[in-house]
Amino acid sequence: MSIPQFDEIVETNDQTEARREHLESLRALVGNVYPNKFVRSAISGADDTISGLLRYEPVVAIADEMASVKAGLKDGERPPAEIKDALNEKLKALGTVRIAGRLTTPPRGNFVHLTDGIAKLQIYCKKNTFALIKNDGEDTRDEENAWAAWGLIDHGDFVGVEGYLFVTNTGEVSVHVEKLQFLAKAMLPMPDKMHGISDPEIRQRRRYADLIASSLQVEHDGLTTREVFETRAKVISSLRRFLEDHGYIEVETPMLTPKATGAAAKPFKTHHNALDIDLYARIAPELYLKRLVVGGFEKVYELNRNFRNEGISFKHNPEFTMLEFYCAYMDVNGMMDFCEEMMRESIQRAAGSLKVSYEGNEIDFSKFERIRMRDAIRRYAPEAEINDTNIVELFEERAESNLIQPTFIVDYPKSISPLSKASPQNPQVAERFELFINGMEVANGFSELNDPKEQYERFVDQMSERERGDEEAMVLDEDYVRALSYGMPPAAGIGIGIDRLVMLLTNKHSIRDVILFPHLRPERKANVAESDDESTE
RNA sequence: GGUCCGAUAGCUCAGUCGGUAGAGCAAAUGGCUUUUAACCAUUGGGUCCCAGGUUCGAGUCCUGGUCGGAUCACCA
């Protein structure tokens, strides 16, 4: 196997050549072009923990003041000099600031923007008014070569600067650079600042570049990629907080399991060499979590990946994030109430509103409808004749896609719910619900079957389904039957598809837009140089 | 897997009836130096996805292929 050359991995063209030349010239001026650190401080004397100068309160106050002055101006009109001077006095009083970041505008003229991970801030370098700091371990000042070094910095490079704050003639808060330090090189050109990366494959494969693009982009529809993943993080942390606040404990159960159970799905198979056994990537943590309920954890949750070896689509990724939790002594109705409350609170926190716009629909999370599967079919297909064998099919074909607003579908057939308790009123119906939003299944929950004998029989039924060719029928988990035999309190559980929830909150049509590194085909070489291993068919 | 659409400069895209390969951004060089996506001037940059075919002539038409997207079917 041949090891690819650096230049085969990192493309070369006239632009990257220029960047490499700049890098070598800079090396001659500053020494180490990849120094180890730069101590930032929003304000002199502050520590490295403060970044995002534009969120520092005294600066925010001045920026706001400037903004209100500018609001009263006509297009192109500049703020009065005396207001500007007064603000500059205040800014200068804040003292020296040290900030670092990536250059998010091409270094043309004296003004460039730095982005430090929180905000974008303009910096101003004027010839003969700043020094270059060499990376020689001594922080040597170099007045002579500062301007030359400035000219060698490329769009996308990282620099650290020290200077004082001021507002420009057009009223933008900026840093007047007094010391400039080179911190790291971007050897590849930055993505298009107007359009970002349009090829969805490159956007997903090179998520880092997509994220950079979202910080460069001047105009964009909806959320930037960065904002999508910030929203995702917020949803997840709010869900966690809600569960913690309600006494739930977070646990981690095996991802590699000897049996793929807990859901109807095809698993990924792998092999453990030392034990010489096959293992399956889990398709659901369900049975492990209920073992913990048996063991006395009355409220448990797990928020992590499930793996299913099935098709890929706009709403399916081979690995996806599921929040599953169980609560002892609760039934399906209590779980729907709890789910509703939890989703409302987390969505309010993450999206700032209970009404979100998704693909032209306004989805209102303030109210969740509950409707029996049978009635949902009647609503959208009144002519259909419903019986026990066609009900699920009818529901999926005729009703599901109409369920735009949050809707709990209840009264599932027992036959497709092997882990769920039957309804006391109707033994053919499971005490189970699924939550649909915008035609997508987002959650699935039920009153947990805790009679070990009945569970055993349900598994046996599943096994015979399997015999008949249903690859997704559940397999018997003997140890789980044994666990239930120690006694499990009545309990309700739920699984919530986090990726789909995030899609709804970020107005993304594809699950791959809410997963940082979604599953993609292996990257193909642009020039397949006489491939030596692809001739096997 | 079926159907539809697409692939042209580093990026985003135009390219008419088949007749010399284009723009904006990015880059290089020089100028400018308080600018708000795009300051001014100049310059460089192309395997028009690949292979075949039709034609005096193919980015353009035809056939096959590769890769990608949308969609349908299975799945959360």
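How far is helix A:452-467 tilted, in degrees, relative to the longest principal axis of the Cα atoms in chain A, given as a value from 0 to 90 rounded to the nearest 10? On a 0 to 90 degree scale, this one is about 80. Between helix A:207-216 and chain A there is an angle of about 50 degrees, using the helix long axis and the longest principal axis of the Cα atoms. For chain A, the normalised intensity computed at q = 0.10, 0.12 Å⁻¹ comes to -0.96, -1.15 (log10 of I(q)/I(0), Debye sum over alpha carbons, equal scatterers, no solvent). When you count the other C-beta atoms within 10 angstrom of each residue and take the mean per peptide, A:129-135, A:500-506 line up highest first as A:500-506, A:129-135. Within the shell defined by Cβ-Cβ distances under 12 Å, the residues around A:ARG102 carry a net charge of -1, with Lys and Arg each +1 and Asp and Glu each -1. The residues neighbouring A:ILE377, those whose beta-carbon lies less than 12 Å from its own, together hold a net charge of -3 under the Lys/Arg +1, Asp/Glu -1 convention.
To the nearest 10 degrees, how steep is helix A:225-245 against the longest Cα principal axis of chain A, on a 0 to 90 scale? Its long axis makes an angle of about 50 degrees.
Grab the beta carbon distance between A:GLU172 and A:ASN361, set R0 = 41 Å, and tell me the FRET efficiency rounded to 0.05. That pair, A:GLU172 with A:ASN361, gives E of 0.60.
Spin-label model, A:ARG241 to A:SER485: label points 7 Å out along the Cα-to-beta-carbon direction sit 4.6 nm apart. One chain, two ends: A:LYS453 and A:SER353. Fully extended at 0.36 nm per residue, the span grows by 31.4 nm beyond their Cα-Cα distance. Cross-link check: pairs A:LYS84/A:LYS179; A:LYS185/A:LYS315; A:LYS299/A:LYS367; A:LYS234/A:LYS414; A:LYS269/A:LYS421; A:LYS84/A:LYS508 evaluated at a Cα-Cα cut-off of 32 Å; pairs beyond the cut-off: A:LYS185/A:LYS315; A:LYS234/A:LYS414; A:LYS84/A:LYS508.
The slack in the chain from A:ALA384 to A:ARG78, taken as 0.36 nm per residue of separation less the alpha-carbon distance, amounts to 103.3 nm. Expressed as a whole percent, how much of the Cα-Cα distance distribution for the range A:216-299 exceeds 22 Å? For the range A:216-299, the fraction of Cα-Cα distances above 22 Å is 54 percent.
Read-outs: derived from the displayed coordinates by stated rules, not from any lab. Small disclaimer: the values here were computed from a predicted structure and weren't measured. Don't worry about glycine lacking a Cβ; one is built from the backbone with ideal geometry, like all the others, and counts go over all protein chains shown.
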